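Please read the structure below before turning to the comments.
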Amino acid sequence: MKRLSLFFILIILGLQGFSQNVNPEVRRGNREFKSENFRDAELNYRQALEQNPQSIKALYNLANALYKQNRYEEAANILDGISKLELPDNRRADVYHNLGNSRLGNQQIKESIEAYKNSLRIRPEDNETRHNLALAMQLLQEQEQDQDGEQNQDQQDDQQQQPDQDDQDQPDDEQQQQPQPRPDQISPEDAQRILDALNQQEQEIQEKIDREDTQSRPQRPLREW
């Protein structure tokens with residue numbers, strides 16, 4: 001009987017950070033957060049931490065308030081620290097989920113992918129985290145494709161800038177005698193093709209911006225406690 005009582009006491013102590021009476025400042029911060037007054041919520045959470053620096057709930061909610069203010073790096077640093085604490089599995093999965101969102105918001109795509117994977121290792125049935133992971137992997141693929149395209153374009157530019165060997169072998173007077181192209185000699189057909197190409201490029205860029213604007217945000221920005 002004594003062993004059983006000791007077992008329950010250890011459980012209570014282990015969950016004290018989550019089952020303890022919520023600090024009034026945390027409650028006020030939660031109300032401000034739900035009202036989307038994220039700056040005021042942040043101040044309340046910080047006051048709660050001044051009273052109890054070991055309040056994991058206040059620290060976690062502070063990270064969420066910072067995320068809502070687009071202060072992704074600050075939020076990620078806090079969540080990364082929380083992830084190293086002793087937490088129940090469901091809480092740890094939430095921390096990694098939000099950490100992935102913060103990394104993604106800070107354009108740290110590879111780091112966000114790792115965070116989402118850590119969350120799914122704990123809670124593999126989480127469809128929202130799986131959605132965000134797929135989004136991050138898609139963004140990483142597009143980023144790598146853009147980088148490859150820029151490298152190929154740079155190589156083409158370098159090749160175009162290299163003078164033709166045959167032209168180098170010609171005497172200077174022969175090079176001077178060759179007719180030089182003039183801008184006003186562009187035919188109307190060439191001008192129209194250039195204009196069409198520019199319009200097409202502008203349309204593709206705008207479509208990409210619109211697509212990223214609707215798809216680049218995680219499906220569920222935050223996991224709240």
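Pick from Ala48, Ala76: which is of a type in the set (A, V, I, L, M) and under 27 Å from Arg121 (Cβ atoms)? Ala76 is the lone residue from the list that is of a type in the set (A, V, I, L, M) and under 27 Å from Arg121 (Cβ atoms). The helices (runs of 4 or more DSSP H) falling completely within the stretch 30-95 that include 2 or more residues that are at pLDDT 95 or above, farther than 26 Å from Ile109 by Cβ and out of contact with any strand residue (DSSP E or B) (no Cβ under 7 Å at 6 or more places or on another chain) map to 38-51, 56-68. The conditions of being surrounded by 11 or more Cβ atoms within 10 Å (Cβ to Cβ) and modelled with pLDDT under 95 are not met by Gln178. Does Ser119 satisfy being under 19 Å from His131 (Cα atoms), touching a His at 6+ places or on another chain (Cβ under 7 Å) and surrounded by 14 or more Cβ atoms within 10 Å (Cβ to Cβ)? Taking the combined requirement at face value, the residue satisfies it.
When the residues of the stretch 36-54 are filtered to those that are surrounded by fewer than 21 Cβ atoms within 10 Å (Cβ to Cβ) and touching a Leu at 6+ places or on another chain (Cβ under 9 Å), the one that is farthest from Leu222 (Cα to Cα) is Pro53. Would you confirm whether any residue within the stretch 17-26 is crowded, with 19+ Cβ neighbours inside 10 Å, of a type in the set (D, E, K, R), at pLDDT 95 or above and out of contact with any Cys (no Cβ under 6 Å at 6 or more places or on another chain)? Yes, the stretch 17-26 has at least one match.
The values are calculated or read from the model by the stated rules, or taken from the named source; none is laboratory data. Given the structure is predicted, the values throughout are model-derived calculations rather than measurements. Because the Cβ atoms are built from the backbone with ideal geometry, glycine has one as well, and the counts that use them run over all protein chains shown.
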